[in-house]
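Enquirer: Can you read through this structure? Questions will come right after.
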Amino acid sequence: MNAADLFRARANRLTIDALPSANGFDLDAAYAVEHEIMQLQVAAGRPAVGRKVGFANKAMWRVLKLETLVWAHMFEDTVVHAEQGAGTFSLAGFHAPKIEPEIVIKIGDPQAGEGLAMAEWIALGFEIVDCPYPDWKFTPTDFVAAWGFHAGLIVGAPVAVTSSNIEALSTQLAEFKLALSRGNELIEEGAGKNCLRSPALCLTELSQASAKRGNPLRAGEIISTGSLTNAQPIAPGEEWRAELNGLPLASLRVRFS
């Protein structure tokens with residue numbers, strides 16, 4: 001299986017029965033394929049606008065034989081900004097989509113330092129993911145080769161990172177809590193510490209890891225820093241809401257059609 005096969009399967013929303021990791025792929029090969037897929041996307045008029053993080057849980061790294069987190073690119077036609085804290089998203093044609101509440105960070109100057117020092121703004125977001133492999137069974141290699149299962153990103157209202165609030169935001173990102181609800185039912189509670197102890201620290205880890213692979217972060221990139229809860233299955237007709245406690249970001253809603 002090569003990049004063209006994976007690109008075609010994703011474009012046509014086909015199930016991929018043979019895992020790349022079962023056919024000799026390692027993580028280096030997966031990143032090479034992910035890069036080729038990005039080039040195919042760009043050639044098709046869908047420029048890359050950022051990256052999404054996977055496996056932002058250090059406790060899993062030893063079991064999965066990872067040295068750091070993994071990532072894949074996001075594209076202009078899959079990233080949308082919610083208006084007045086609410087968005088819509090079509091689930092037509094997806095296999096088994098799930099929702100992940102995440103902190104989204106836009107890169108200002110990637111050379112300015114670590115964590116929020118490189119950030120222009122932060123926002124609450126919903127990452128929509130869809131696994132092309134049967135039963136959501138995969139390895140980090142399979143995740144990267146299938147561009148991180150990225151289906152869409154809904155970005156809430158941003159808050160600028162400034163010299164006057166950067167210290168407070170850095171502290172709050174490690175301490176805030178989140179409530180994820182479907183309709184009026186609380187589904188799960190999450191926290192900033194679930195992403196490598198803080199989404200700001202997760203950004204630092206991504207910056208270092210991507211630079212080692214010769215693909216450093218660039219100014220203007222939008223980074224989805226990892227799920228604050230378990231990924232939750234979603235279905236058309238549902239409305240989901242995320243509310244924060246301890247971080248000055250507005251709540252976010254999405255309705256699925």
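Enquirer: Which count do you get for residues in region 98-141 that are among the charged types (D, E, K, R), out of contact with any His (no Cβ under 9 Å at 6 or more places or on another chain) and buried (at least 21 other Cβ atoms within 10 Å of the Cβ)?
Expert: 3
Enquirer: Next up: So, in region 45-68, exactly how many residues are more than 23 Å from ILE107 (Cα to Cα), out of contact with any helix residue (DSSP H, G or I) (no Cβ under 8 Å at 6 or more places or on another chain) and loosely packed, with under 12 Cβ neighbours inside 10 Å?
Expert: Looking only at that region, the number is 4.
Enquirer: Quick check on PHE149: is it among the aromatic types (Phe, Trp, Tyr) and on the phi < 0 side of the Ramachandran plot?
Expert: On the way: among the aromatic types (Phe, Trp, Tyr): yes; on the phi < 0 side of the Ramachandran plot: no.
The answer is no for PHE149.
Enquirer: Of everything in region 155-189, what is surrounded by fewer than 16 Cβ atoms within 10 Å (Cβ to Cβ), under 19 Å from GLY85 (Cβ atoms) and of a type in the set (Gly, Ala, Ser)? Give them in sequence order.
Expert: Those that are surrounded by fewer than 16 Cβ atoms within 10 Å (Cβ to Cβ), under 19 Å from GLY85 (Cβ atoms) and of a type in the set (Gly, Ala, Ser): ALA160, GLY183.
Enquirer: Could you tell me which numbered condition TRP121 fails, if it satisfies all but one of (1) in a strand (DSSP E or B); (2) aromatic (Phe, Trp, Tyr); (3) closer than 20 Å to GLY54 by Cα?
Expert: TRP121 satisfies every listed condition except (3).
Enquirer: With the requirement that a residue be in a helix (DSSP H, G or I) and not hydroxyl-bearing (Ser, Thr, Tyr), what does region 163-186 give you?
Expert: Within region 163-186, ILE166, GLU167, ALA168, LEU169, GLN172, LEU173, ALA174, GLU175 qualify.
Enquirer: Is at least one residue of region 208-216 without any contact (Cβ under 8 Å) to a residue 60 or more places away in the chain and either crowded, with 20+ Cβ neighbours inside 10 Å or within 23 Å of GLY85 (Cα to Cα) (or both)?
Expert: No, that holds for no residue.
Enquirer: Do you know which residues across region 12-27 are free of Cβ contacts under 8 Å to residues at least 24 places away in the same chain and in contact with a helix residue (DSSP H, G or I) (Cβ under 9 Å, 6 or more places away or on another chain)? Steps first, answer last, please.
Expert: Applying the first criterion (free of Cβ contacts under 8 Å to residues at least 24 places away in the same chain) to region 12-27 yields 12, 18, 22-24.
The answer is ALA22, and nothing else.
Enquirer: OK, next. Cβ contacts < 9 Å: first residue at positive phi, restricted to region 119-141; second residue among the charged types (D, E, K, R) and surrounded by fewer than 20 Cβ atoms within 10 Å (Cβ to Cβ), any location; separation 6+ or different chain. Result?
Expert: Short answer, once both residue conditions are applied: TRP136/LYS98.
Enquirer: What's the total number of residues in region 187-223 that are over 18 Å from GLU67 (Cβ atoms) and assigned to a helix (DSSP H, G or I)?
Expert: Within region 187-223, the first condition is being over 18 Å from GLU67 (Cβ atoms), and the residues that meet it are 187-194, 198-200, 217-223.
Then keep just the ones that are assigned to a helix (DSSP H, G or I); that gives 192-194, 199-200.
Looking only at that region, the number is 5.
Enquirer: Filtering region 150-162 down to residues that are touching a residue at least 40 places away in the same chain (Cβ under 8 Å) and either assigned to a loop (DSSP other than H, G, I, E, B) or touching a helix residue (DSSP H, G or I) at 6+ places or on another chain (Cβ under 7 Å) (or both), which residue is farthest from ALA48 (Cα to Cα)? Show your work before the answer.
Expert: The initial filter retains those residues of region 150-162 that are touching a residue at least 40 places away in the same chain (Cβ under 8 Å), namely 150-161.
Subset that is either assigned to a loop (DSSP other than H, G, I, E, B) or touching a helix residue (DSSP H, G or I) at 6+ places or on another chain (Cβ under 7 Å) (or both): 156-158, 161.
Numbers: GLY156: 19, ALA157: 21, PRO158: 20, VAL161: 23 Å.
Ranking the qualifying residues of region 150-162, first place goes to VAL161.
Enquirer: Inside region 131-164, can you point out the residues that are of a type in the set (Asp, Glu) and under 16 Å from the mean Cα position of the chain (by Cα)?
Expert: Initially, region 131-164 is screened for residues of a type in the set (Asp, Glu), giving 135, 142.
Across region 131-164, the qualifying residue is only ASP142.
Enquirer: In addition: Let me confirm something: among GLY152, GLY192, GLY148, which residue is at pLDDT 95 or above, buried (at least 17 other Cβ atoms within 10 Å of the Cβ) and in contact with a strand residue (DSSP E or B) (Cβ under 6 Å, 6 or more places away or on another chain)?
Expert: Numbers: GLY192 fails: in contact with a strand residue (DSSP E or B) (Cβ under 6 Å, 6 or more places away or on another chain); GLY148 fails: at pLDDT 95 or above.
Testing whether each residue is at pLDDT 95 or above, buried (at least 17 other Cβ atoms within 10 Å of the Cβ) and in contact with a strand residue (DSSP E or B) (Cβ under 6 Å, 6 or more places away or on another chain) leaves just GLY152.
The values are calculated or read from the model by the stated rules, or taken from the named source; none is laboratory data. In this text the structure is predicted, and so the values were computed from the model without any measurement. FYI the Cβ positions are ideal-geometry reconstructions off the backbone, even for glycines, and counts take in every protein chain you see.
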